[in-house]
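> Next up is a structure, given as structure tokens.
The values are calculated or read from the model by the stated rules, or taken from the named source; none is laboratory data. Since we're looking at a predicted model, the values are computed, not measured. Note: ideal-geometry Cβ built from the backbone for every residue, glycine included; neighbour counts use all protein chains shown. Please note that ligands, DNA and RNA were not included when accessible areas were found on the heavy atoms of the full protein model with its side chains. Shrake-Rupley method; radii C 1.70, N 1.55, O 1.52, S 1.80 Å.
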Amino acid sequence: MFEVPPRDSLPDDLRARLDQVEEKSGFVPNIFLSLARRPAEWRAFFAYHDALMDKDTPGLPTADRELIVVATSAENRCLYCVVAHGAILRIRARNPRLADQVATDWRKAEIDDRQRAVLDVAIRFTREPWTVTPAVLESLHAHGLTQDDIWDVGAISAFFAMSNRLVHLTATMPNEEFYLMGRVPRSRADGGDVAAG
């Protein structure tokens, strides 16, 4: 229903970003192409994505940001985001099992108490956001998260709720390259750490 626009028809800045991503990872994640039909929204989407996901703090490192995406995307039954961000999680966490565990049942995954507390809040925010009270958020302080980290837990959950829905709307499927990333040596997986909606 929503056709992907030809790459050569895109504005220069979008094509430049696609070229950059392709050079770094060896392919262009399908979400970059699916959303390109609306360039102004594409720019806003990826600017916000990068602002949230390219940070690394002691309380919420980049791997844990991906952990949130995989868990909440699984809750929203978003195949694309579970597979794409599962690949990034495997790489950033240096754990080939973690993404599959979190996508299936994060409560039984090989995660520590801080990560479990983060996912508890993120999943609550995904399922029943009205139940996320100051007392619930305060529980994250006990695990070393700052106010900004706690904001990011909520913002990542909210942003990927939107992303998951856009992926459902556009029927975007995961790239084949994502399935092997972080499972086999990079020379066989043909992909690196890429940003993906």
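> To the nearest 20 debye, what charge dipole does the chain have about its Cα centre, counting +1 at the Cβ of each Lys and Arg and -1 at the Cβ of each Asp and Glu?
About 400 debye.
> List residues of region 47-69, by number, whose backbone nitrogen lies under 18 Å from a label position 7 Å along Cα→C-beta of Arg165.
Only 48-49, 69 pass the distance filter.
> Related question: Treat each spin label as a single point 7 Å out from the Cα along the C-beta direction, and report the Glu41 to Gln147 distance in nm.
3.4
> Could you give each residue of region 123-140 its phi-based ³J(HN,Hα) in whole Hz, using Karplus coefficients 6.51, -1.76, 1.60 with θ = phi - 60°, and x for Gly or Pro?
Result, ordered by residue: 5, 4, 5, 6, 7, 9, x, 5, 8, 7, 9, x, 5, 5, 5, 4, 4, 6 Hz.
> Continuing with this model, one more query. Can you give the Rg to Rh ratio of the chain, both from alpha-carbon atoms, with Rh computed by the Kirkwood formula?
Dividing the radius of gyration by the Kirkwood radius yields 0.97.
> A follow-up question, please. Using 0.36 nm times the number of residues separating Arg183 and Val4, minus their current alpha carbon distance, what extension gain do you get?
61.5 nm
> What figure in square angstrom, to the nearest 10, would you give for the accessible area of Asp112 with a 1.4 Å probe?
Looks like 70 Å² after rounding.
> Same structure again: Which stretch or stretches of region 80-117 have amide N atoms under 17 Å from the point lying 7 Å from Thr57's Cα along the Cα→Cβ direction?
Only 114-117 fall inside the zone, counting backbone N under 17 Å.
> Taking θ = phi - 60°, what integer Hz values does the Karplus form 6.51 cos²θ - 1.76 cosθ + 1.60 yield along region 91-96, in sequence order, with x for Gly and Pro?
After applying 6.51 cos²θ - 1.76 cosθ + 1.60, I find 6, 5, 8, 6, 9, x Hz.
> Also, quick follow-up: Assuming a viscosity of 1.002 mPa s and a temperature of 20 °C, what translational diffusion coefficient in µm² per second does Stokes-Einstein assign to region 87-168, Rh being the Kirkwood radius over Cα pairs?
For these conditions, the coefficient is 158 µm²/s.
> Find out how many positive minus negative residues lie around Ala155, taking Lys and Arg as positive, Asp and Glu as negative, among other residues whose Cβ is under 14 Å from that of Ala155.
On the way: positive: Lys55, Arg65; negative: Asp50, Asp54, Asp64, Asp148, Asp149, Asp152.
Cβ neighbours under 14 Å give a net charge of -4.
> Suppose the Debye formula is applied to equal point scatterers at every Cα of region 76-124; what is log10 I(q)/I(0) at q = 0.25, 0.26, 0.32 Å⁻¹?
So the normalised log intensities work out to -1.03, -1.10, -1.30.
> Considering the dipole of region 29-180 built from charges on the beta carbon (Lys and Arg +1, Asp and Glu -1) around the Cα centre, which of Asn30, Asn95, Val136 is farthest to its positive end?
With unit charges placed on the Cβ atoms, the residue in question is Asn30.
> With θ set to phi - 60° and the Karplus curve 6.51 cos²θ - 1.76 cosθ + 1.60, what are the ³J(HN,Hα) couplings of region 49-64 in order, to the nearest whole Hz, using x for Gly and Pro?
So the Karplus estimates, Gly and Pro as x, are 3, 5, 4, 7, 9, 9, 9, 9, 10, x, x, 8, x, 4, 4, 6 Hz.
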